[in-house]
Each structure stands twice: as C-alpha cells, then as structure tokens.
Amino acid sequence: MKNAIKFLFAIVLFWTLSFANLSCSSSVTSAEEKGKIKVGIVFDIGGKNDRSFNAAAWEGVRRAAKDFDIVLRDVEPGNPTSIEPAMRAFAEKGFDLIIGVGFAQGPIMQKVAIDYPNINFAIIDGVIFEDDGKTPKKNVASLVFREHEGSYLVGMLAAQKSKTGVLGFVGGMDIPLIHRFATGYEEGAKSVNPNIKVFPNYVGVTDAAWNNPGKGKELALSQIEKGADVIFTAAGNSGLGAFDAVEQYGKGANGEANKFVIGVDSNQNGVKPGFVLTSMVKRVDNAVYDVVKDVVNKKFEGGFHVFGLDKDGVAYAMDENNKKLITPEMIIKVEEAKKKIVAGEIKVTDAMAN
Amino acid sequence: MSELLTLSLIFSAIRLATPLIFTALGGLFSERSGVINIALEGLMLVGAFTAAVATFELSNPYLGFLCGLFAGAVTAFVYAVAVIEFEANQVVAGTAINFLMLGLPQLISGAVYDSSGSTPQIDKAYLIPDYFNSISLASILAFLLIPIVWYVVYKTPFGLRLRAVGENPSAADAAGINVNRLRYTAVILSGVLAAAGGAYLSIGQSSLFTRGMSAGRGFIALAALILAKWKPVPVLFACLFFGLMEALTIQIQGAIKLPSGEDIPVQFIQIIPYVLTIIVLAGFIGKSLAPKALGIPYKKEK
C-alpha cells in the first residue's frame, strides 16, 4: 500500500514538473491549414509576455498574423535545453519560417539551419554564418539592431539632465551585446559633457542576471551613493529594481524627481511615470513583422538585416509620461546628433565589432 | 579601499543579509531536527510569489506577507510528507520542490496576469515600509528573530526535544518524544521562515515577483547555516558576512581599477564571496559538526 502511494506521488510530481517547465502550444496541422504559410516562433527564456523584448517580438508576429493569411505557432521554452527540440519540431513539420528570439539561440539555429536548408529562419539579436565564418547563411535572416546608436542618444539626454555630472548604467549579463549599450551611452554622454563620469555595472555573468531585481536595485543605489542621478538599465527584469531605487529618492520641491532611470527595449516610460526620463526602444516588432511579410510575398532574403536610427529600428521614446522632463532644447540637440549619425558624420563605437 | 567602507556599505550589507537570515534560521529548525532542507530555494520562491500576488490583490503588505508565510508552510508540509511519511531521499525531494517552484509561479502568473513568470509591479505605498535610511521593517524583524530562535532552541522544552531528535532519535523516542511529529513541526517552521525571506525579496526589497528571483540565495543561506555550525547567533554573523561580501562586490564594480587602468573583470569580482567562503570554511572554522541524525529517516522499532 505504502509503495503504491509512493509511486502515485512520484507520478503526480513528475507530471506537475513537466507541465510547469514546458508550456507549449499544440502544433497540430489540420486540413484547413494546408497551403497556408506556416510561421513558428521560439521565444527566449523570458517568455512572450515579459513586457519587454519578447513581448515586442510576439506583438510583431501577431500583427502579421492579423494582416496576412498565415498559421502562427509559438513555443516558450522552460529552460535553454528545450529550445533546440522546439526548433527542430517546427522544421520537421515543414514550417515556412522559424523565428528565434534572442542571442542565446544563435548557436542552436546555426546547427538547425544547416540541417534544413530549404526552410527560412530568422534570428533576433544574433548572426548566423556559413561554415567559413564569413558569408552570412543564405536561409537565415539575422535581424540585428544598432543599439549603440540609440544608447548614444539617450546618453545625450541623460548628460543634459544630470545635475551632478555622474551617470549610472545597470547591465544584466556581462556580455558583448550589453557592452554595446554601455559604450554607446557613455559616448553620447561625453559628447555633451566631456567631464561626465559613467559607472557601468553588471548584475551577473549567468542568465540568472536577467531575473534579479534585488541586485539591480542595490547596484542602482550604490551608483546613486556615488553621485549618479540618471541610470540607464539594460537588464531585463533586474532593471526594474533600478526603477524602485530612483523612486525611493522621491520628488523634489518643484515636483520633479530627484533621480531618473532610462528604460530599455519596450517603451517603459509608464512603469514609474515621472521617474523615467525616456526609454531606448528597439523596434523588434517591426523587424519581425517585415520578415513575415517578406516570406508571404516570397521576397525572403537571408543575411544581415540591420536596424539602426535610419530605419527607426532604435529610438528614444517620447510620450505623455516624460513630456515635461525633456525640454525642446534637449530634443533639438539630440535630433541634430541623430542626423549626423545617420549621415555617418558621427561614428558611434560598436562594442561587438571587435 | 577606505572610501568603500562607508555607512552605505553597511546598510547595503544589512539589506542583502536579510533574506539570508530568515532562510538560514528556517534551515536551522529543519536540520536541527534531522531533516536536510535543500528545498529552501523553492520555499523562498513560493513565499516571494504568494506574497507578491496577495499584496497586489489586497493592497496590504502585512496580509501579503502572512499569505506568503502560509504558502511556505503548505509547501513545506508537502515536503515533510514526502521525506518523513514516505521516507523519500531528502536531497532528491528537496530538489524536486526547487524545480517545482521554478515552474509553478510561471504557470500561475501566466494564467492570472497573462505574463510569463512575473507579477505586475506593486505600488510603493503598498510595500513593506522602510525606516532609518532604507532599512526595511522586515530586516528589523530578521534581527529580532535571532535572540528569539536562540531562546527557543536552547531554553525551551521544544528546543531540547528538537536537538535530541536531531542527534539521537531513538533515545528521544524512548524518552517519550514523538519524533516524526516534531520533525513535521520543524520542517513546517522552516518553510514559514524561508518564505519570509522570499517575501522580503518580492515585497520589501523589490516591488514584484520575477521568475527564479531568489537567484541561489536559498543555497547561500544553507552555506551560511553550515558555516555557523547550525547555531542561531553564528548564523547572524555568517549571513552578515555573505551580505557584506555581496555588498562589496557591488561597490567594487567599476570603483577599483587595475594598475594598468582597466576595470577589474566582473567575473573576477563576482567569485570573491565564494572563494572567501571556501577559504573560511577550510581554514578557520575547523570541524563542522552536523546534527548526527541529519538525513536519516526515523523508523520506529516495532
């Protein structure tokens, strides 16, 4: 009897575990779906409703699904090891386009794309090459953003807003992609005030660094102790800790916040209205929408698709929440720099280039 | 170096040590009764998630905190049934609880808030309040718990029985103590305290729950407990030590440069607490004596 209960307990535990870890939508192809373009998207660990990066990608494919007659399937992997099986499952079922969200899927897509040369792939924040390591892979569209350019502009805004001449940067994982935000931000700030000091800090070196708001807050507080009054976050959920940190310092006599934070990826101005100077938005949604559109119109092209300031792939967010925080003079200066970057007169260092 | 040793560093250390103190004290009850509690990480997460959800729904941090504690107790009860009643391997069952709590909050928040793994942000007005330059009410509670736990473990009949059951359950049984009932109480207490540590993370230090937000703190608390040789007052110092080390790694980042003028790599800074732990454990503490019956299920002789 006791053994039977033990066995039952194990089974229940096992099933709960497998359900909890892999919430996967059904990918059964029914008869009426035959002949339609089939699009599969594999999300990053953050999941499709992270109100940031993955949410933007989800928004893009959903918009495409509304406008075009396609079949859309998605998978949210519970852990990094379930990304590859999900991707291969789409490929085996003969999907026309498979989208991978996030740099972490790069090495996986590299392998899968070789095995299925007739299927189109797209990856966000990653680049896939042929075996020689130089030519971009033909059946993969690498959607990359010039984050350093957008970071340069928010760096200019931060430097103009700062009274102390000290800025903070809270990065998530210590990786080249996040260094790109940091260097662009610092260069932009220095272009306004060459003497400005920027403290770049990182939450950690593993993927837990994206989900540690407690540490994000402590980093922001330590930067504020060192004099920082504007903090740019590029740290996923950990960045929300920095939002709490600036809120803790409250608003001054004139009703304006004493310390500011700059959001990232999605427009986060409304997260803590009045405390968010602006957000460095990355239009992942538009990039994803366009690649689906290309597949539908049979115009898919592999290789690099670069989204910079020129195509509004990156931008600083302005809305009702931060209208009062940013003066027209500040905007004029930033718009000037934007034109120069697009024209190539200002070269922003790309920390991933070397 | 001297500019690092400021008052703000001390406050930062206290904030970072708070969840560790709660959780390590929780582990103390369980392990002193002879049940290994590797599930502390999962118990923290269930406390953090439930507290965040309840606070968001009820707009009251105190009720939210209590709900978190209750969820911790329920989860710990499930763990206790597995390891005490069914004599499951304690490390394996504990790991199962940890895995469960990585996924379950994600599933529930997905269903309730249409988000994968995080709750909405809670307004600052409804979080556990801060006093004296950003020291949370929960931190004060954690420090008050140390003498209370010390008193309970060393000066009450319950404490005496707890220690007896962890050291020699057969003798305790012969003396008329119901070993398994006492172990149930101890494990449930550990769930309540670990959940308090988690609740502090979500509604004290931060303003929301995110997936896996305990980020290994449950295991650090376990290390602190071993470092403190399963004694309440040393637990305080061990947790403050880990808190101080983490605070230092935060302050050092970007503040100290190599002689060549370059920043010290973040990876290097982040290993400092762990390297120090190994040195302290191996070099200074001497023999760490676990409760003798730790990890052994008790079978009553028939």
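The values are calculated or read from the model by the stated rules, or taken from the named source; none is laboratory data. Since the model is a prediction, treat every value here as computed from it, not as a measurement. Cβ atoms come from the backbone with ideal geometry, glycine included; neighbour counts cover every protein chain shown.
Would you confirm whether or not region B:66-74 contains a residue that is within 17 Å of the chain's Cα centre (by Cα) and modelled with pLDDT under 95? The answer is no; no qualifying residue exists. The condition of being surrounded by fewer than 16 Cβ atoms within 10 Å (Cβ to Cβ), β-branched (Val, Ile, Thr) and closer than 27 Å to residue B:48 by Cβ holds for only one of B:146, B:140, that being B:140. Please verify whether region B:184-203 includes one or more residues that are more than 19 Å from residue B:24 (Cβ to Cβ), touching a helix residue (DSSP H, G or I) at 6+ places or on another chain (Cβ under 6 Å), of a type in the set (A, V, I, L, M, F, W, C) and touching a residue at least 24 places away in the same chain (Cβ under 8 Å). Yes: region B:184-203 contains one or more residues that are more than 19 Å from residue B:24 (Cβ to Cβ), touching a helix residue (DSSP H, G or I) at 6+ places or on another chain (Cβ under 6 Å), of a type in the set (A, V, I, L, M, F, W, C) and touching a residue at least 24 places away in the same chain (Cβ under 8 Å).
Every test in (1) buried (at least 16 other Cβ atoms within 10 Å of the Cβ); (2) more than 22 Å from the chain's Cα centre (by Cα) is passed by residue A:94 save one, and that test is (1). Of the strands (runs of 3 or more DSSP E) lying entirely inside region A:143-259, the ones with 1 or more residues being at the interface with chain B (Cβ under 8 Å from one of its Cβ atoms) are found at A:197-204. The set of residues in region B:207-221 that are crowded, with 22+ Cβ neighbours inside 10 Å, assigned to a helix (DSSP H, G or I) and not basic (Lys, Arg) comprises B:218, B:220, B:221. Identify, please: which residue in region A:51-73 is within 14 Å of chain B (Cβ to nearest Cβ) and in contact with a Gly (Cβ under 7 Å, 6 or more places away or on another chain) and is, among those, nearest to residue A:268 (Cα to Cα)? Checked region A:51-73; the qualifying residue nearest to residue A:268 (Cα to Cα) is A:52. Within region A:260-275, the set of residues being assigned to a strand (DSSP E or B) and modelled with pLDDT under 95 comprises A:263, A:264, A:265.
Going by the structure shown, is residue B:256 within 14 Å of chain A (Cβ to nearest Cβ), surrounded by fewer than 18 Cβ atoms within 10 Å (Cβ to Cβ) and either touching a strand residue (DSSP E or B) at 6+ places or on another chain (Cβ under 9 Å) or touching a residue at least 24 places away in the same chain (Cβ under 8 Å) (or both)? Let's see the steps before the verdict.
On the way: within 14 Å of chain A (Cβ to nearest Cβ): yes; surrounded by fewer than 18 Cβ atoms within 10 Å (Cβ to Cβ): yes; either touching a strand residue (DSSP E or B) at 6+ places or on another chain (Cβ under 9 Å) or touching a residue at least 24 places away in the same chain (Cβ under 8 Å) (or both): yes.
Against the criterion (within 14 Å of chain A (Cβ to nearest Cβ), surrounded by fewer than 18 Cβ atoms within 10 Å (Cβ to Cβ) and either touching a strand residue (DSSP E or B) at 6+ places or on another chain (Cβ under 9 Å) or touching a residue at least 24 places away in the same chain (Cβ under 8 Å) (or both)), residue B:256 qualifies.
Within region B:272-287, at least one residue is loosely packed, with under 14 Cβ neighbours inside 10 Å and assigned to a loop (DSSP other than H, G, I, E, B).
Name the residue that is nearest to residue B:18 (Cα to Cα), counting only residues in region B:222-238 that are assigned to a helix (DSSP H, G or I) and touching a Phe, Trp or Tyr at 6+ places or on another chain (Cβ under 9 Å).
Of the residues in region B:222-238, the ones assigned to a helix (DSSP H, G or I) are B:222-227, B:232-238.
Cutting the leftovers down to touching a Phe, Trp or Tyr at 6+ places or on another chain (Cβ under 9 Å) gives us B:223-224, B:227, B:232-233, B:236.
On the way: B:223: 15, B:224: 12, B:227: 17, B:232: 14, B:233: 14, B:236: 9 Å.
This residue is B:236.
Residue A:128: in contact (Cβ under 8 Å) with a residue 24 or more places away in the chain, among the β-branched types (Val, Ile, Thr) and over 30 Å from residue A:228 (Cβ atoms), yes or no? Judged against the criteria, residue A:128 is not a match.
Report whether or not residue B:180 is more than 14 Å from chain A (Cβ to nearest Cβ), touching a helix residue (DSSP H, G or I) at 6+ places or on another chain (Cβ under 6 Å) and not aliphatic (A, V, I, L, M).
Details: more than 14 Å from chain A (Cβ to nearest Cβ): yes; touching a helix residue (DSSP H, G or I) at 6+ places or on another chain (Cβ under 6 Å): yes; not aliphatic (A, V, I, L, M): yes.
Considered against the rule, which asks whether it is more than 14 Å from chain A (Cβ to nearest Cβ), touching a helix residue (DSSP H, G or I) at 6+ places or on another chain (Cβ under 6 Å) and not aliphatic (A, V, I, L, M), residue B:180 comes out as yes.
Only residues that are under 16 Å from residue A:246 (Cα atoms) and modelled with pLDDT under 85 were counted across region B:109-122, and they come to 1.
Would you be able to say whether some residue in region A:286-299 is touching a residue at least 12 places away in the same chain (Cβ under 8 Å) and polar (S, T, N, Q)? Checking region A:286-299: at least one residue is touching a residue at least 12 places away in the same chain (Cβ under 8 Å) and polar (S, T, N, Q). A Cβ distance below 6 Å, combined with a sequence gap of six or more or placement on separate chains, defines the contacts here; from region B:122-135, residues that are more than 12 Å from chain A (Cβ to nearest Cβ) reach residues that are hydroxyl-bearing (Ser, Thr, Tyr) and in a loop (DSSP other than H, G, I, E, B) in the pairs B:126/B:59.
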